[in-house]
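Working notes, beginning with the structure itself.
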Amino acid sequence: MAEVVTPLPPKAITYCSVCTMPPEYCEFSSSAKKCREWLEKAHPELVEVIYNTKAVEAAMANLSVEAKEKAAKAEATAAKRAEKEEAKAEREAEKLLTSRVVLKRVERTKRKHLIVVSGLEKFGLDLKKVAKDFAKKFQGGSSVTKNASGGEEITVQGDWSDDILEYIEEHYKDVPVGNIDQVEDKKKKKSEGMP
């Protein structure tokens, strides 16, 4: 007669909310300091297991002078790398705060308009998905096109400037409302250009 094998229950694995790796591997990520701070707040019982400071200090006491110097250099290098990562994150955050989203109303004919939305890609949004959302919401054509400077922008058919502004405010919380500008681009009439 065959033996009945009982399945083992699944293991519960904790993942770091900063680097999305198990805490045992956080020391190898670029944000090790932030990961440790998160671990101390979220799972203080794991800190002693993973970062066994007593064992490290005891091992450091038994090291030779050369090994201590190497360890000190390694710690200094890790600290420099962490500072650089923090500075980079701060620069990116500042850049994001100064980034602008422009809703430009372009006149095609006397009564027909296009709305050109540029600058959304800086906030990490997928322009194709956003264009598809605009097309569904505003029941018209919407596409991603290349602009003259080589970047991408979304072109929406119709005069939906105010509605697009409200839609971005409601559905894309990553985009600060103060960073959205509405611009009207009128074509010059032939009579204005002639003296």
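The values are calculated or read from the model by the stated rules, or taken from the named source; none is laboratory data. Since the structure is predicted, the reported quantities are computational estimates derived from the model, not experimental observations. A quick note on method: Cβ atoms are made from the backbone with ideal geometry, for glycine too, and the neighbour counts reach across all protein chains shown. Surface accessibility is based on the protein's heavy atoms, side chains included, excluding ligands, DNA and RNA. Shrake-Rupley method; radii C 1.70, N 1.55, O 1.52, S 1.80 Å.
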Just the Kirkwood number for the chain, please: inverse of mean 1/r across all distinct Cα pairs, in Å, one decimal. 22.3
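Keeping the other protein chains in place, figure out the carbon and sulfur percent of the accessible area of segment 1-148, with a 1.4 Å probe. Intermediate values should be presented prior to the final figure.
Values: 6400 of 11420 Å².
Its accessible area is 56 percent carbon and sulfur atoms.
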The answer for the chain, accessible area per residue at 1.4 Å probe in Å², is 76
Calculated from backbone phi, Karplus (6.51, -1.76, 1.60) coupling profile of segment 158-164 in Hz, x at Gly/Pro: x, 9, 10, 4, 5, 5, 5
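Calculate the dipole size of segment 1-45 relative to its Cα centre from +1 charges on Lys and Arg beta carbons and -1 charges on Asp and Glu beta carbons; express the result in debye to the nearest 20. Intermediate values should be presented prior to the final figure.
Details: 5 positive and 6 negative charges, 46 e Å.
Value, rounded to 20: 220 debye.
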Inter-probe distance in nm under a simple model that places probes 7 Å from Cα toward Cβ, at Val49 and Leu97: 3.9
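Measure up Lys95/Lys132; Lys54/Lys80; Lys88/Lys146; Lys54/Lys84; Lys84/Lys173; Lys104/Lys146 against 18 Å on the Cα-Cα distance and list the ones that go over.
Lys95/Lys132; Lys54/Lys80; Lys88/Lys146; Lys54/Lys84; Lys84/Lys173
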Extent of segment 16-113 along each principal axis, from alpha carbon coordinates, in Å, largest to smallest? 84, 31, 16
Looking at segment 94-171, which chymotrypsin sites (Phe, Trp or Tyr not before Pro) are in a loop (DSSP not H, G, I, E or B) and have at most 14 other Cβ atoms within 10 Å? none
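For the chain, what's the relative contact order in percent, using C-alpha pairs closer than 8 Å and at least 6 residues apart?
Details: 195 pairs, mean separation 31.5, N = 195.
Result for the chain is 16 percent.
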When the C-alpha atoms of segment 87-156 are aligned to their principal axes, what extent does each axis show, in angstrom, from largest down? 49, 23, 19
